[in-house]
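Written below as structure tokens is the structure these notes are about.
The values are calculated or read from the model by the stated rules, or taken from the named source; none is laboratory data. Just so you know, these numbers come straight off a predicted model, no measurement behind them. Because the Cβ atoms are built from the backbone with ideal geometry, glycine has one as well, and the counts that use them run over all protein chains shown. Heavy atoms of the whole protein, side chains included, go into the accessibility calculation; ligands, DNA and RNA do not. Shrake-Rupley method; radii C 1.70, N 1.55, O 1.52, S 1.80 Å.
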Amino acid sequence: MIEYCLVGAEVVLGDDLRSIRDADVHVRDGKIIAVGKGAAPEGVPAIDLDGRLVLPGFINAHTHIADAAVKEVAFNSPSGTNIFFPPNGLRFTAMAAVGRERRIAAIRSAARQMIASGVVAFADFTAGGVEGVRELREALDGLPIRGISFGGFAGVPQGVEELEANEGGLNPRVVAQVIETLQAADGFAPVRASDLTDQAMTELRALAFSHGKPLATHAAATPSYREVSVRRTGTSDVSRVAEHLKPDFLVHLTAATDDELRVVAEHNIPIVMCPRANVSLGAGVPPYFSARMLGATIALGTDNLMLGSPDILAEVNFLALLLRSNSQSPAVVDERALLHAATLGGARAIGIDSTLGSIAPGKSASLVVIDLRSDNLGYSTNPIASLIQRATVADIEAVIIDGEVVHGTL
């Protein structure tokens, strides 16, 4: 049995992410036993963390991690280039060219980078059907980070004629591939609504439900998502997925209207926003304020590894600056709401909030220890604001997953 107490730190506690100075975290066998002032029992080894901030581990709620094998492959791609969509998108042709061993090595490297940046779990949209899921599993073998795989189609699931007419369902061959992938993966994620008819989305929902697996997809990433959907079906992609796919979360919503965001919020579908990836592609800024005003659960993801790093701390830093720039008001940023998006919001979106996302008794002791004495963070008048505004991976003293120090030292 491994048991210890972290004592003397400022600790961000509970689902409301309140911070308490000089608090204790009692850990036993990878679980949090008690938190708060005076939570350290006598006789249990204590680790003095005076001058540190202890946070719940970060959750990266959306990645395409295998893209780490082809970083910056699309850096100078001209406007209009098919980067992401099968079968001939640049991402797919570049990934096929590098080979399986390089993809696995790149995934493992990216996972180590996430651990070092305080990410304790991530949700990946894993392309390539069951083989893509197997590559991810092999790459993560032996690493402490939790990787949740949402498998995808092995190819194009439906033909153009079916999609243009919005008629027909999944053929038996595709159904067999989906079942094989669902058996290996943690969930399933079609790329976008325009890849499926309404009937096919309903069928996919039934397949996932029968296997007890969650669903997710991209939606309203650009105006073209809506335009294609409306032309084919008379309805936006957001409305279609809410009605027929009924996903457990949606990714992007960058081009969503307020009415579409209201549909998502009314269906209690969390939104995973990826601001750095959106901006790097010239796709705009996620509608963070509108989604928050409507009461939607907001999470953060870093999207394709070929576009940027899988560092959620960098993501939240960027979003804070972006929100201030667009609103032209520094007062609009709520530091705890942004921290929520990087922790508990992500855990709720991807369905792991019973064990991760906040520091509470019974949850995993998966924590990030920030050094408030560093040259960067020293003399802060608001440690949570400093975390959101200026902290970097250099300020992370240690990362703990399931009670074990997996990066840095204490």
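May I ask you to give the percent of accessible area on the range 125-171 that is carbon plus sulfur, with a probe radius of 1.4 Å?
48 percent
If you build a Gaussian network model of the chain, linking Cα atoms that sit under 10 Å apart, which residue out of Val228, Val35, Val332 swings the most?
Result: Val332 has the largest fluctuation of those listed.
Summing -39500 (n - 2.57) over the DSSP H runs of n ≥ 4 in the chain and dividing by its residue number, what mean residue ellipticity at 222 nm do you reach, to the nearest 500 deg cm²/dmol?
Using -39500 (n - 2.57) per qualifying helix, the result is -10000 deg cm²/dmol.
Rounded to the nearest percent, how much of the accessible area of the range 42-124 (1.4 Å probe, protein heavy atoms only) is carbon and sulfur?
The value for the range 42-124 is 52 percent carbon and sulfur by accessible area.
What does the accessible area per residue of the range 159-265 come to in Å², with a 1.4 Å probe and no ligands, DNA or RNA counted?
In whole numbers, the range 159-265 has 40 Å² accessible per residue.
Tell me the angle of helix 129-140 to the major Cα principal axis of the chain, expressed in degrees between 0 and 90 and rounded to the nearest ten.
Roughly 20 degrees, rounded to the nearest 10.
Please list, or write none, the lysines whose alpha carbon is within less than 30 Å of the alpha carbon of Lys363, excluding same-chain residues fewer than 8 places away.
Reachable lysines: Lys31, Lys37, Lys213, Lys246.
For a quick check, take a GNM of the chain with Cα springs below 10 Å and name the residue from Asp29, Asp395, Asp311 with the largest mean-square fluctuation.
Sorting by GNM fluctuation, first place goes to Asp29.
What is the distance, in nm, between label points placed 7 Å from the Cα along the Cα-to-Cβ direction at Glu167 and at Lys37?
7.1 nm
In degrees, nearest 10, range 0 to 90: what is the angle between the Cα axis of helix 223-233 and the longest Cα principal axis of the chain?
Value to nearest ten degrees: 40.
For the range 296-410, which whole percent of the accessible surface, found with a 1.4 angstrom probe, sits on carbon and sulfur atoms?
About 47 percent, which is the carbon plus sulfur part of the accessible surface.
Among all stretches of the chain without exposed GluC sites (Glu not before Pro) (DSSP loop, at most 15 other Cβ atoms within 10 Å), which one is longest?
168-410
Could you list the residues of the range 67-89 with an amide nitrogen less than 19 Å from a label point located 7 Å from the Cα of Arg100 in the Cα-to-C-beta direction?
67-70
For Ser210 and Leu410 in the same chain, what is the full-extension length gain: residue separation times 0.36 nm, less their Cα-Cα distance, in nm?
67.5 nm
At what distance in nm do the modelled label points of Leu294 and Asp141 sit from each other, each positioned 7 Å from its Cα along Cα→Cβ?
Using points 7 Å along Cα→Cβ, the separation is 4.4 nm.
Picking from Ile388, Val133, Val156, whose Cα lies most toward the positive end of the charge dipole for the chain (charges on Cβ: Lys, Arg +1; Asp, Glu -1)?
Ranked along the dipole, the leading option is Val156.
Averaged per residue, what accessible area in Å² does the range 301-410 show with a 1.4 Å probe, protein chains only?
Per-residue value: 37 Å².
Among Thr126, Thr392, Thr381, whose mean-square fluctuation peaks in a Gaussian network model of the chain (Cα, cutoff 10 Å)?
Thr381
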